[in-house]
Amino acid sequence: MDTILLHAHRRSGQRLADALGCPHMTSVPSETPDTLICFGRTAEAQGRLLTLNPVSVLQDFTQQQALRLYRIHNVPFDHRGSDRRVLTVHIVDGRIIAVQTRNTLTASERKKALGTAMRALYLSGADFGAVKVAVPVRGYPRLLSIHLAPNLTPRLARIYAPALRELIVERLTPSPAPENLLLGADPEFMLQHRRTGKMIAARRHFTPQGSIGCDQRSVIGEVRPQPQKSPRELTDTIRRLLLRVHRRIARYPLRLVAGSQPFPQFPIGGHIHFGNVPLRFRFLRALDHYLLIPLFLIECTATAKQRRRYYGGIGDVRVKSSIHFEYRSPASWLINPEITLATFTLAQLIATHFHNLPATFLHNPAIARQLYLGNKTYFREQWPGLRQSLEALPSYSTCTADLQPLWQMIDEGREWDEKRDIRDAWGI
């Protein structure tokens, strides 16, 4: 299969083509190649089998459109920023292949900056590029710019080349299901005084470390089960941890609550970890369409809308290693064991078959905005098509029963109750 790199008279494009060992052109080739790599703004063209960084993405990514896109997704974007602490992150389809900075950053600052860069490139719709992020001393990282035809030294071109080759093979070759897939999680909860209704800080009862702990703010609690191969085993492990939580607080007049945002200004999440499988943008896109949307349909609308003003938006992900990442978009699904099991079952199903799941409409900023606005009516109309795609998967029949409670809540238009003590639902 032949590959051609199309560029607009860029020396970096020539360097990348040389590193790839493929021809490069500045005009549309007379014969359509199997794979076409578009490096920057080029003439309209497509590969016969595959196009990377298609021109449609590049044309849509003007400065004004980028500002609108990232405003919708609540990504801080300041293209005129003058911060001295800057990180440039080179990414190919969910793989961080190089990081450039002259500054010394803490582990936490670096982790957040890399997460911002990954999400920014993913939301752009591009397959590869360089993302420049400002890292302030206080506050959150800010996106400065995205370069879909980055300046490449010969060394950087040699780093990009194998990652692009691997991407081409993955896109054109049927991929086997991941072996030894591990599922993990660190769902969050909060404590509420039964009589006053006031929030009680988790630090009063739990330490930061351990399988039961509290987050950096020391207000929100979380359970941290060991990763498991089976959704049911992971759910059972969480049940045992919640029993330990109960024993720790049983003598106090407290409720254990979960959901999107049990208290104002305190959004909580149900982060899901995937192990022994690499992050790929198609995988992330499938999670956004087939996991985030069904959970969105049963969330408490008012608090879910407030939560996504802070975090938990589309494509919220944090890379832990080359074969481990954390999906951070869902709210805390600890509401009951049935929804917890359905969430893990759906996550495993998507991880196994994401190559076979069409997932495109959330890339449209106007549609994505409906999710942030909490417009469930629109997504209920899309849901039957998404469910049909899931039901067509080869292994769907093995998990029908475990998914049924989630499907039933969606069909009945019910939302979870964030005021209920989750111990009642878990039988604790």
- Note on the structure: Exactly one of Gly210, Gly221 is within 25 Å of Ser322 (Cα to Cα) and small (Gly, Ala, Ser), and that one is Gly210
- Query: Within the range 388-401, can one find any residue that is among the acidic types (Asp, Glu), within 15 Å of Phe296 (Cβ to Cβ) and either assigned to a helix (DSSP H, G or I) or outside the structural domain of Ala331 (by TED's automatic domain parsing) (or both)?
  - Reply: no
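Quick one: in the range 335-367, of everything that is in contact with a strand residue (DSSP E or B) (Cβ under 7 Å, 6 or more places away or on another chain) and under 17 Å from Pro227 (Cβ atoms), which residue is surrounded by the most Cβ atoms within 10 Å (Cβ to Cβ)?
Within the range 335-367, the match that is surrounded by the most Cβ atoms within 10 Å (Cβ to Cβ) is Phe344.
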- Message: It is to be established whether one or more residues within the range 347-360 are under 21 Å from Trp416 (Cα atoms) and either in contact with a Lys or Arg (Cβ under 7 Å, 6 or more places away or on another chain) or not assigned by TED's automatic domain parsing to the domain that holds Pro231 (or both).
- Response: no
- Query: For the range 343-359, which residues satisfy the criterion of being assigned to a helix (DSSP H, G or I) and more than 22 Å from Ala331 (Cα to Cα)?
  - Reply: Thr352, His353, His355, Asn356
- Task: Return only the number of the condition from (1) surrounded by fewer than 17 Cβ atoms within 10 Å (Cβ to Cβ); (2) closer than 30 Å to Pro176 by Cβ; (3) more than 22 Å from the chain's Cα centre (by Cα) that Tyr252 does not satisfy.
- Result: (2)
- Query: Of the residues that sit in the range 386-400 and are surrounded by 11 or more Cβ atoms within 10 Å (Cβ to Cβ) and small (Gly, Ala, Ser), which one is nearest to the chain's Cα centre (by Cα)?
  - Reply: Ser389
- Query: Can you name the condition, by its number, that Ala425 falls short on among (1) under 23 Å from the mean Cα position of the chain (by Cα); (2) of a type in the set (Gly, Ala, Ser); (3) outside any loop (DSSP other than H, G, I, E, B); (4) within 24 Å of Ser260 (Cβ to Cβ)?
  - Reply: (1)
- All-but-one check, Tyr310 against (1) out of contact with any Pro (no Cβ under 6 Å at 6 or more places or on another chain); (2) surrounded by fewer than 20 Cβ atoms within 10 Å (Cβ to Cβ); (3) closer than 20 Å to Leu371 by Cα, failing number (1)
- Task: Scan the range 299-309 and give yes if some residue there is in a helix (DSSP H, G or I) and among the acidic types (Asp, Glu), otherwise no.
- Result: no
- Residues in the range 1-33 that are without any contact (Cβ under 8 Å) to a residue 60 or more places away in the chain, under 15 Å from Leu164 (Cα atoms) and among the acidic types (Asp, Glu): how many? 1
- Among the residues of the range 314-337, count how many are among the aliphatic types (A, V, I, L, M), over 8 Å from the mean Cα position of the chain (by Cα), farther than 15 Å from Pro187 by Cα and part of a loop (DSSP other than H, G, I, E, B). 1
- Message: If Leu291 satisfies all but one of (1) in contact (Cβ under 8 Å) with a residue 60 or more places away in the chain; (2) under 22 Å from Arg232 (Cβ atoms), what's the number of the condition it fails?
- Response: (1)
- Task: Could you give me the residue pairs with C-beta distances under 6 Å whose first residue belongs to the range 362-374 and is free of Cβ contacts under 8 Å to residues at least 60 places away in the same chain, whose second residue is of a type in the set (A, V, I, L, M, F, W, C) wherever it lies, and which are 6+ apart or on separate chains?
- Result: Ile367/Phe361
- Item | Residue pairs meeting the criteria (Cβ under 7 Å; at least 6 apart or on separate chains; first not assigned by TED's automatic domain parsing to the domain that holds Leu191 and surrounded by 14 or more Cβ atoms within 10 Å (Cβ to Cβ), in the range 411-427; second part of a helix (DSSP H, G or I) and acidic (Asp, Glu)) | none
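Residue-wise test of (1) closer than 22 Å to Gln65 by Cα; (2) modelled with pLDDT of 95 or more; (3) in contact with a Lys or Arg (Cβ under 9 Å, 6 or more places away or on another chain).
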site: Gly94; (1), (2), (3): no, yes, yes
site: Ser108; (1), (2), (3): no, no, no
site: Lys111; (1), (2), (3): no, no, yes
site: Tyr122; (1), (2), (3): yes, yes, yes
site: Gly125; (1), (2), (3): yes, no, no
site: Ala134; (1), (2), (3): yes, no, yes
site: Val137; (1), (2), (3): no, no, yes
site: His147; (1), (2), (3): yes, no, yes
- Message: Can you list residue pairs whose Cβ atoms sit under 6 Å apart, with the first residue in the range 161-190 being within 20 Å of Asn276 (Cβ to Cβ) and the second being hydroxyl-bearing (Ser, Thr, Tyr) and surrounded by 14 or more Cβ atoms within 10 Å (Cβ to Cβ)? Count only pairs 6 or more apart in sequence or on different chains.
- Response: Ala177/Thr352
- Message: Return the pair list, or none, for Cβ contacts closer than 8 Å from residues in the range 392-404 that are among the hydrophobic types (A, V, I, L, M, F, W, C) to residues that are part of a helix (DSSP H, G or I) and exposed (fewer than 11 other Cβ atoms within 10 Å of the Cβ), at least 6 apart or on different chains.
- Response: none
- Task: Specify the residue that is farthest from Leu234 (Cα to Cα); the eligible residues are those in the range 299-340 that are of a type in the set (A, V, I, L, M) and touching an Asp or Glu at 6+ places or on another chain (Cβ under 6 Å).
- Result: Ile314
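The values are calculated or read from the model by the stated rules, or taken from the named source; none is laboratory data. Since this is a predicted model, take the numbers as computed values, not measurements. Note that each Cβ is placed from the backbone with ideal geometry, even for glycine, and that neighbours are counted across all protein chains shown.
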